[in-house]
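Each remark here refers to the structure printed beneath this line.
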Amino acid sequence: MLKFFRHSYIAQLVVIIVMALALWVPVFVYSLSDNITPDPVTPITNLIISIFGSSHLGLPIFTFVVFITSVLFFNSMLSVNQLVTRNSSIGAFVYVLCVCCVPVQQDYCQFLIASPFIMMAMQTIYLIYMVEKPEMYLMNAGIFLSIASMIYFPAIILIIWVLLSMMIMNIRGSRYYFIPIIGFITPYFLLFVYFYFSRTLIENIEDYQLAFNDLQLMKLDLSSTDKIILVVAFVLSLLSILKIRSGNTDNSISTRKKVTVTIMLMAFSLIMLFMQKPVISNGLIFLVLAVFASMALCYVKKTKIVDIVIIVIMVAVFANQYLPMFGIY
């Protein structure tokens, strides 16, 4: 199985899309439109709900299309940055498994729609080490995260990750650190100008104050299944990082910096676990796991053992998606 996805042809793409579609059947059966309600601090999500929410299948289909787009972009991002071998579909396959390991529900849907913009921010951060003039990349990173936070509000804290990543990428000069902040503020400035002219500025400022208060760290409220998923995700991440750090992988300076930046993103995803209701709606931890697992699988030699592990994980992922349809959680 692993050897099959180490190539990238039409056959691999078809298998990945069919697998993703099979995992999304429960989402199409139980419409997301009945559960998602507008939130004052997620204006882009509200716009999407207003367009697709009236149809039973409109929002699930839209979210699925965004998800498939994310799958393809994720695979391309890893390949372009040489984090996986070229002409490989491992990234897409692993992304589908990791991100679909929990049932797609209300809050998780918002993360899935925001994830392409989070990945765009990751891509720009990966590139700033390779360019002489990173100003435009830094501006774009801030804009991408600003848009992501208008869909999935907890993504707002990732602007701190961008600033810390700049230190890892050896970006020197204090003026550079204002650029992503300006990029981040710009969409919000335009949004609040709209609020001002629509005479809703005061009300929306109060809503944002409440939203920031809700971002405070809280006690984890996990079900038994959630605990198992998070423990497995943590163990797989740790094993993948150890494999990546071994001497049998690409250990160039550029790759090491990208891995370090992604490890820091993992730390932020763990922090975001304490900001969610329900906790498991934070999909960032699974996105980062997909990066590490994809990289590690490219350097595995004993594929038979890995194939067995992958099959077990696939069965568990499908079970976790379908069992709630029968009232089993």
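Rule-based calculations on the coordinates, nothing more; no lab input. These numbers come from a predicted model, not from an experiment. Neighbour counts are summed over all protein chains in view; Cβ atoms, including those assigned to glycine, are modelled from backbone coordinates with ideal geometry.
Descriptive notes on the structure:
- Theoretical ellipticity at 222 nm over the chain - DSSP helices of four or more residues, -39500 (n - 2.57) apiece, nearest 500: -22000 deg cm²/dmol
- Calculated from backbone phi, Karplus (6.51, -1.76, 1.60) coupling profile of the range 293-305 in Hz, x at Gly/Pro: 5, 4, 4, 5, 5, 5, 10, 6, 9, 8, 6, 4, 5
- Residues Glu206, Glu132, arranged from fewest to most other Cβ atoms within 10 angstrom of their Cβ, appear as Glu132, Glu206.
- Distance cut-off 26 Å, percentage of C-alpha pairs in the chain lying past it: 49 percent
- Relative contact order, percent, the range 4-326 [alpha-carbon distance under 8 Å, six or more residues apart]: 23 percent
- The phi-based Karplus calculation (6.51 cos²θ - 1.76 cosθ + 1.60; θ = phi - 60°) puts the 3J(HN,Hα) values of the range 140-146 at 5, 4, x, 5, 4, 6, 5 Hz, whole numbers, x for Gly and Pro.
- Once each of the trypsin sites (Lys or Arg not before Pro) sitting in a DSSP loop with at most 16 other beta-carbon atoms within 10 Å is removed, the chain keeps 87-171 as its longest stretch.
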